[in-house]
Amino acid sequence: MKYKSMIKQFLPIITLLVLLVSCQDKSSETETEEKAGTTNLVEQYALPVPPIETLEYLYQNCSHIDYVFYELPFSMSLDDVGSIRKTLSHISTSPAPDKAECKPMGRIFFDVGIETKLEADFYFSSGCVYFLFYEGGEKKYSSFMTPDAVKYMNNYISQANAQRQQIMQNQ
């Protein structure tokens, strides 16, 4: 009898504690699910890659490609077919999310004759190696850089910096 009355007194308290603990677990599960959902939404909203027709057109007709670096004191211009086609192969088939923390290194222009047919900001820093393409001044497509593109950019930048240092030393 004595135990029954004690159980009756503590049962509401024990029930309340069990409910509180289970609510906290569900709350942290919900937060984790919401965070995962947010990450998935960011990945879902990456712009698509440029259409294959556009890339094929450029592969056949692009007459020159210009790289303009925003903060480096050099630029790059390509006008031979082999280099142009190699550069076009640097565009991955995987779309890239436009990360707010990433800063573009420069802009690349794909020209046919005197008309720019496609342009893109290129991002080239730790965790940010992708192209963000524009059409009519609006963000339209995105693509990661291929591993070959990363090697190419590293090589070009290091060579350009070495040439710049040599010029500065000769002055």
Report task. Answer yes or no: is there a residue in segment 98-121 that is closer than 20 Å to Ile52 by Cβ and under 15 Å from the mean Cα position of the chain (by Cα). Result -> yes
Query raised in the report: What number goes with the only condition from (1) open to solvent by less than 60 Å² (accessible area, probe 1.4 Å); (2) at pLDDT 85 or above that Ser27 does not pass?
Result: (2)
Requested in this report: Please find, within segment 106-129, the residue that is surrounded by the fewest Cβ atoms within 10 Å (Cβ to Cβ) out of those that are touching an Asp or Glu at 6+ places or on another chain (Cβ under 8 Å) and closer than 15 Å to Tyr67 by Cβ.
Outcome: Phe109
Report summary line: Listed by first then second residue, the pairs whose first member lies in segment 87-101 and is under 19 Å from Ser125 (Cβ atoms) and touching a residue at least 40 places away in the same chain (Cβ under 8 Å), whose partner is of a type in the set (Phe, Trp, Tyr) and not in a loop (DSSP other than H, G, I, E, B), with beta carbons under 7 Å and at least 6 positions apart or on separate chains, are His90/Tyr152; Ile91/Phe131; Ser92/Phe144; Ser94/Phe144; Ala96/Tyr130; Ala96/Phe144
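So in segment 132-160, with the set limited to residues that are over 28 Å from Pro51 (Cα atoms) and free of Cβ contacts under 8 Å to residues at least 12 places away in the same chain, which one is least open to solvent (accessible area, probe 1.4 Å)?
Taking segment 132-160 first, the residues over 28 Å from Pro51 (Cα atoms) are 155, 157-160.
Those still in the list that are free of Cβ contacts under 8 Å to residues at least 12 places away in the same chain too: 155, 158-159.
Numbers: Asn155: 81, Ser158: 65, Gln159: 98 Å².
Out of the qualifying residues, it is Ser158.
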Report summary line: Taking segment 71-98 and keeping only residues that are surrounded by fewer than 13 Cβ atoms within 10 Å (Cβ to Cβ), over 23 Å from Glu56 (Cα atoms) and not small (Gly, Ala, Ser), one is left with Glu71, Pro73
Query - Complete set of residues in segment 61-88 that are touching a Leu at 6+ places or on another chain (Cβ under 7 Å) and assigned to a strand (DSSP E or B) - result: His64, Ile65
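The values are calculated or read from the model by the stated rules, or taken from the named source; none is laboratory data. Small disclaimer: the values here were computed from a predicted structure and weren't measured. Cβ sites come from the backbone with ideal geometry, for glycine too, and all protein chains shown count toward neighbours. Heavy atoms of the whole protein, side chains included, go into the accessibility calculation; ligands, DNA and RNA do not. Shrake-Rupley method; radii C 1.70, N 1.55, O 1.52, S 1.80 Å.
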